[in-house]
Amino acid sequence: MAEYPPFNPKASRYDQSEFLGRFKHFMDITDMSTIFVSQQKLEQCIQMLKDYEAGTLNPMPSDQVLWEAKKIVDSTIHPDTGKKIPIPVRLSAFLPVNVIICAGMLMPNPSVGATIFWQWINQSYNIAMNHANRNASNEMPTSQIVQSYVTAVSVSCGVALGLRHLVDKALATASAALRSNIKMFIPFAAVSIAGVANVCIMRRNEMKYACV
């Protein structure tokens, strides 16, 4: 595919029938540079795309300019609600935010309080991210969101504290360095198990009724 194919406001710039095309599309919507786009620039991009679809865009910009405008809008505006997604819960902010969270969860020899705190922060962020980027055409009741949140936090904290206890008990005679090294894998296990529970509950409607 050409670097900038003919512009189509209803399609992706990349071929979605191929893995590489889907990968490049995902790289576009997670591009951290879109976080720093000003409100004025965003409004210009939105208006440009509206004028294009209305057939009133004059002079006609290049395909590159149109695709770049679409990239900014797609990474910032929710496709169903048409509202601006808050910066911390945009897909483009997922990496930098999680660098901080992962650093907190991987601190050596964390206290029980620190373990609970960082697992709570992580699951709170995951819930916020999933909700902000949800399929808004298939809304879920508030009770289901609360259920997902409580379940994810409970599972992550329970697994983290439970594994921590098991490691201390099973390796009571091992060196402190060995126990510390093994404990570094506990956050991964807790996050993975809680993440599965989180997605299954948060996306239950979409899995049950499919995306429409």
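The values are calculated or read from the model by the stated rules, or taken from the named source; none is laboratory data. Treat the numbers as computed from the prediction; the structure is a model and nothing was measured. Glycine also receives a Cβ, built like all others from the backbone with ideal geometry; neighbour counts cover every protein chain displayed. These area figures cover heavy atoms from the full protein model, side chains too; ligands, DNA and RNA do not enter into them. Shrake-Rupley method; radii C 1.70, N 1.55, O 1.52, S 1.80 Å.
Hey, can you find the accessible area per residue of segment 1-113 for me, probe 1.4 Å, expressed in square angstrom?
Here the residues of segment 1-113 average 63 Å² of exposed surface.
If you take all C-alpha pairs in segment 138-185, what percent of them are over 11 Å apart?
71
In percent, how large is the relative contact order of the chain, given Cα pairs closer than 8 Å and 6 or more residues apart?
The normalised contact order for the chain reaches 18 percent.
How big is the dipole moment of the chain about its Cα centre under a simple scheme where the beta carbon of each Lys and Arg is +1, that of each Asp and Glu is -1, and everything else is neutral? Debye, nearest 20, please. Kindly include the intermediate steps, with their values, before the conclusion.
Details: 19 positive and 15 negative charges, 154 e Å.
Here the chain has a charge dipole of around 740 debye.
Restricting to DSSP loop positions (anything but H, G, I, E, B) with no more than 14 other Cβ atoms inside 10 Å of their own Cβ, which GluC sites (Glu not before Pro) remain in segment 13-76? Each step should come with its number before you reach the end.
Details: sites: 18, 43, 53, 68; in loops: 18.
For GluC sites (Glu not before Pro) across segment 13-76 that sit outside H, G, I, E and B with at most 14 neighbouring Cβ atoms in 10 Å, the list reads 18.
Using a 1.4 Å probe over the heavy atoms of the protein chains, calculate the carbon and sulfur portion of the accessible area of the chain as a whole percent.
Ligands and nucleic acids excluded, carbon and sulfur reach 66 percent.
Sum up the charges of everything whose Cβ sits under 11 Å from the Cβ of residue 182, counting Lys and Arg as +1 and Asp and Glu as -1, but leave residue 182 out.
Residues close to residue 182 contribute a combined charge of +2.
Tell me, what is the Rg over Rh of segment 1-70, with Rh the Kirkwood radius over Cα pairs? Let's see the in-between values first.
On the way: Rg = 12.9 Å, Rh = 13.1 Å.
Radius of gyration relative to Kirkwood radius: 0.98.
Please report the orientation-averaged projected area of segment 115-157, defined via the convex hull of its C-alpha atoms, in nm². Spell out each step's value before the answer.
Details: hull surface 11.2 nm².
For the Cα atoms of segment 115-157, the hull's average projected area reads 2.8 nm².
Can you give the three extents of the C-alpha atoms in segment 73-183 along their principal axes, from longest to shortest, in whole Å?
Ordered largest first, segment 73-183 gives principal extents of 58, 29, 17 Å.
Quick check of the Kirkwood formula: for segment 32-79, what is the inverse mean of 1/r over all pairs of different Cα atoms, in Å?
Mean inverse Cα-Cα distance, inverted, gives 11.0 Å.
Nearest 20 debye, what's the magnitude of the dipole of segment 63-119 about its Cα centre given +1 on Lys and Arg Cβ and -1 on Asp and Glu Cβ?
Using only the charged Cβ atoms, the result is roughly 140 debye.
Quick check: net charge around residue 105, other residues with Cβ under 13 Å of its Cβ, Lys/Arg +1 and Asp/Glu -1?
Summing Lys and Arg as +1 and Asp and Glu as -1 gives +2.
Quantify how much of the Cα-Cα distance distribution of segment 1-117 extends past 26 Å, in percent.
34
Residue-wise, which Karplus ³J(HN,Hα) couplings in Hz belong to segment 162-175, taking 6.51 cos²θ - 1.76 cosθ + 1.60, θ = phi - 60°, and x for glycine or proline?
So the J values, rounded to whole Hz, are x, 5, 4, 5, 5, 5, 4, 6, 6, 10, 4, 8, 6, 6.
Mean projection of the alpha-carbon convex hull of the chain over all orientations, in nm²? Please report the intermediate quantities before stating the final value.
Working: hull surface 59.6 nm².
For the chain, averaging the hull's shadow over all directions gives 14.9 nm².
May I ask which residue of 161, 60, 11 lies farthest towards the positive end of the charge dipole of the chain, with charges of +1 (Lys, Arg) and -1 (Asp, Glu) on Cβ and the Cα centre as origin?
After comparing all options, I get 161.
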